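This report concerns only the one structure given below.
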Amino acid sequence: MATMLRYAPLIMLISCANVQSTTLEVNGQQLHKLTCSEFNSSLEKCKAKASELCQEKYKLLSHSKEVYPDAGDGMYYPAKHHITVQCTNL
């Protein structure tokens, strides 16, 4: 149990660094919503994942950044980027 607790912060950081992807269908078109934490330059990772999902060509429909305020308790929560892309066949 103590060993597992020792690695808990590392597991949390690794999970924050991943790109989360959701595929939606809106008006017959496939859209991808990607969420990336700002840990390890995540906006670039989001764009790389969008290129992978869309076979290099996509149109950026929206981009927002979610920032968590400093609570003063010593815990750092990295900002998150949310992007929505539409694959293009051009």
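Descriptive notes on the structure:
- Residue within region 27-40 that is of a type in the set (Ser, Thr, Tyr) and modelled with pLDDT under 85 present: no
- Restricting attention to region 58-83, the residues that are in contact (Cβ under 8 Å) with a residue 40 or more places away in the chain and not in a strand (DSSP E or B) total 2.
- Scanning region 17-32 for residues that are surrounded by 14 or more Cβ atoms within 10 Å (Cβ to Cβ), without any contact (Cβ under 8 Å) to a residue 40 or more places away in the chain and either aromatic (Phe, Trp, Tyr) or part of a strand (DSSP E or B) (or both) gives 19, 20, 21.
- Subset tally (residues that are surrounded by fewer than 20 Cβ atoms within 10 Å (Cβ to Cβ) and either under 17 Å from residue 88 (Cβ atoms) or small (Gly, Ala, Ser) (or both)) for region 33-47: 3
- Qualifying residue in region 59-73 (condition: in contact with a Ser or Thr (Cβ under 6 Å, 6 or more places away or on another chain), more than 17 Å from residue 19 (Cβ to Cβ) and of a type in the set (D, E, K, R)): yes
The values are calculated or read from the model by the stated rules, or taken from the named source; none is laboratory data. What you are looking at is a predicted structure, and each value in this text was computed from that prediction instead of being measured. Methodologically, a virtual Cβ is constructed for each residue, glycine included, from the backbone with ideal geometry; neighbour enumeration extends over all protein chains shown.
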